[in-house]
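Colleague: Supplied in structure tokens, the structure appears directly below.
The values are calculated or read from the model by the stated rules, or taken from the named source; none is laboratory data. Quantities reported herein were computed from a predicted structural model and do not represent experimental measurements. For neighbour counting, all protein chains shown are included, and Cβ atoms are generated from backbone atoms with ideal geometry for every residue, glycine included. Side chains are part of the model used for accessible areas, which takes the heavy atoms of the whole protein and leaves out ligands, DNA and RNA. Shrake-Rupley method; radii C 1.70, N 1.55, O 1.52, S 1.80 Å.
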Amino acid sequence: MADDTAVELPPLYESLTWLTPLSEERAAHLVAFLSDPAPARVLDMGCGWGELLLRVLMSAPQARGRGVDSASASIDRAGQQASARGLLNRVTFDLMPGAEAQYRPADALICIGASQIWGPPVEDAQPLDYAAALRSLRALVLPGGRLVYGEAVWSAVPHPAATAPLAGRDDEYLTADALHELIRAAGFEVVDEDLAGIQEWDDFESGYRGRFTRWLEAHDAHHPAAGQVRRQYEEQRAAYEEGYRGVLGMAYFCLAG
Ligand SMILES: C[S@@+](CC[C@H](N)C(=O)[O-])C[C@H]1O[C@@H](n2cnc3c(N)ncnc32)[C@H](O)[C@@H]1O
């Protein structure tokens, strides 16, 4: 992803519904899977700004929810969204590293794009420890409970133009089939699985670049940082459209514990 540290850009939640390629149709499917039969407790590990968790709580009016994320802007936003939907009495959002959270197992669990919670820091540029993540998730779901697990995968054989703007390594991700095997080895039953489609990816990437376009719209073209923001936009666009589009995938697994 492009370096955006120098300029304060609008928060991602202003142009994205979730921090993952996810259509409204797929989100509705995931919410239905998690809320029927109605859960008592819903946990979201690496919840971002909590949109999926809040939708499950809207759909399961007796359920209580808990989300954890290490990003304060996302947790703040999650609290605001819970308040706006009248859910503050049924949900708690915790700002902390997920591995430090001491939660009782829940009957509905969400973990999308957050396997790094249980592995080496992403900055160490090592492959994520998916098996460790799945073991930890297994311990967080009650027998007979359900987990929605989403993780990035290679959806085509990685090539240099695809890996260069990512971590530059072919072993950064697994295939969906390899992840499926680890999921089964961790003791989950795969109820269904699917890859995000190219439209979900295009929408996600366009929303991700939205922070650059929103900044450019809000500032004079001669602002000292305008050139840098235009470059960041262009780097991100090229990274995707000329790089990992159709190669980096996102797999969504609906699992029974
Ligand atoms: C790809 S985003 C997905 C967010 C959300 N699940 C969604 O689908 O919109 C991954 C999230 O994991 C969070 N995260 C990363 N490392 C974490 C850690 N060690 N503990 C808690 N959250 C973490 C990030 O802050 C980010 O919100």
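Colleague: Of all DSSP beta bridges in the chain, what percent run antiparallel (nearest 5)? It would help to have the intermediate numbers written out before the result.
Modeller: Values: 15 of 35 bridges.
So the antiparallel bridges in the chain amount to around 45 percent.
Colleague: Tell me which of 159, 62, 137 sits at the most positive position along the dipole axis of the chain, charges placed on C-beta atoms (Lys, Arg +1; Asp, Glu -1).
Modeller: 62
Colleague: Right, here's the next one. In degrees between 0 and 90, to the nearest 10, how far off the longest principal axis of the chain does helix 226-239 point, with axes built from Cα atoms?
Modeller: For helix 226-239, the angle is close to 60 degrees.
Colleague: Right, here's the next one. Report, in deg cm²/dmol and to the nearest 500, the calculated mean residue ellipticity at 222 nm for the chain, where each DSSP H run with n ≥ 4 adds -39500 (n - 2.57) and the sum is divided by the residue count.
Modeller: -11500 deg cm²/dmol
Colleague: Something else now. Relative contact order of the stretch 123-252: what whole-number percent is it, with Cα pairs under 8 angstrom and at least 6 residues apart? Display every interim value, and only then the final one.
Modeller: Details: 119 pairs, mean separation 56.0, N = 130.
It rounds to 43 percent for the stretch 123-252.
Colleague: Convex hull over the alpha-carbon atoms of the chain: what's its volume per residue in Å³?
Modeller: Measuring per residue, one finds 122 Å³ for the Cα hull of the chain.
Colleague: What Kirkwood hydrodynamic radius do you get for the stretch 107-189 when you take the inverse of the mean 1/r over all pairs of distinct Cα atoms, in Å?
Modeller: 13.6 Å
Colleague: Quick check: with the 1.4 Å probe, what order do 20, 213 take by accessible area, largest first?
Modeller: 213, 20
Colleague: Mind jotting down the distance between the C-alpha centroids of the stretch 84-143 and the stretch 1-56, whole Å?
Modeller: 13 Å
Colleague: Contact order normalised by length for the chain, with contacts defined as Cα pairs under 8 Å and 6 or more residues apart; what percent is it?
Modeller: 24 percent
Colleague: Can you give the Rg to Rh ratio for the stretch 8-80, taking only C-alpha atoms and Rh from Kirkwood?
Modeller: Answer for the stretch 8-80: 0.98.
Colleague: Does anyone have the angle between helix 72-84 and the longest principal axis of the chain? Alpha-carbon axes, 0 to 90°, nearest 10?
Modeller: Helix 72-84 sits roughly 60 degrees off the main axis of the chain.
Colleague: Pairing the Cα long axis of helix 24-35 with the longest principal axis of the chain, what angle in degrees results, from 0 to 90 and rounded to the nearest 10?
Modeller: The angle comes out at about 20 degrees.
Colleague: How far, in nm, would the chain grow between residue 184 and residue 226 when pulled straight, counting 0.36 nm per residue and subtracting the alpha carbon separation?
Modeller: Working: separation 42, 0.36 × 42 = 15.12 nm, distance 4.90 nm.
Length gained between residue 184 and residue 226: 10.2 nm.
Colleague: For the pair residue 29/residue 169, report the inter-label distance in nm, with labels modelled 7 Å from Cα in the Cβ direction.
Modeller: Distance between the two pseudo-spin positions: 3.1 nm.
Colleague: Roughly speaking, to the nearest percent, how much of the chain's 1.4 Å accessible area is carbon and sulfur?
Modeller: Values: 6050 of 11990 Å².
Answer for the chain is 50 percent, counting heavy atoms of protein chains only.
Colleague: Could you do me a favour and compute the accessible area per residue for the chain, 1.4 Å probe, result in Å²?
Modeller: 47 Å²
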